[in-house]
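A quick write-up on the structure given underneath.
Please treat every number below as a calculation from the coordinates, not as lab data. Note that the structure is predicted; figures quoted are calculated from it, not measured. Neighbour counts run over all protein chains shown; Cβ positions are idealised from the backbone, glycine included.
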Amino acid sequence: MTEAKKNRRHAARISEAGSTIEYVAPSPRVLDLSLNGAFVLDTRPFHMGESVEFRLWLGPRDSIVVQGMVRRVEPGRGMALEFIHIETTDRRRLKDYLARFEAFGDLPAADDF
């Protein structure tokens, strides 16, 4: 097959457009959450020691952006993330979110959202 035939497209394309994607399914889920970190169920965990920035949802319509560090990996299951940077206002929102469920002794299941 010639190079021209291999690269033939039915629609125009651009390279390195600066676009990003967010996986909708399967979506990582939080198993345990505290002010200091979370255990995230994800069959594609990052590598131990890797830094990652992510959006953490605090219910169906509220989220915060967190910088974390992968502290433990359980292959095929997930990873423990330590929160290494959260803006002060976001940390307060996370603290308030956790306090709402403290009386129940546990966070709501992800399916409750």
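Data table
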{"read-out": "Conditions (1) closer than 16 Å to Val40 by Cα; (2) surrounded by 15 or more Cβ atoms within 10 Å (Cβ to Cβ); (3) not β-branched (Val, Ile, Thr); number of the one not met by Asp90", "value": "(1)"}
{"read-out": "Count of residues meeting criterion [within 14 Å of Gly37 (Cα to Cα) and either in a strand (DSSP E or B) or hydrophobic (A, V, I, L, M, F, W, C) (or both)] in region 47-91", "value": "27"}
{"read-out": "Unmet criterion (only one of (1) under 14 Å from the mean Cα position of the chain (by Cα); (2) touching a residue at least 12 places away in the same chain (Cβ under 8 Å)) for Arg72", "value": "(1)"}
{"read-out": "Subset of region 40-71 (residues that are of a type outside the set (A, V, I, L, M) and surrounded by 13 or more Cβ atoms within 10 Å (Cβ to Cβ))", "value": "Asp42, Pro45, Phe46, Glu50, Phe54, Trp57, Ser63, Gln67, Gly68, Arg71"}
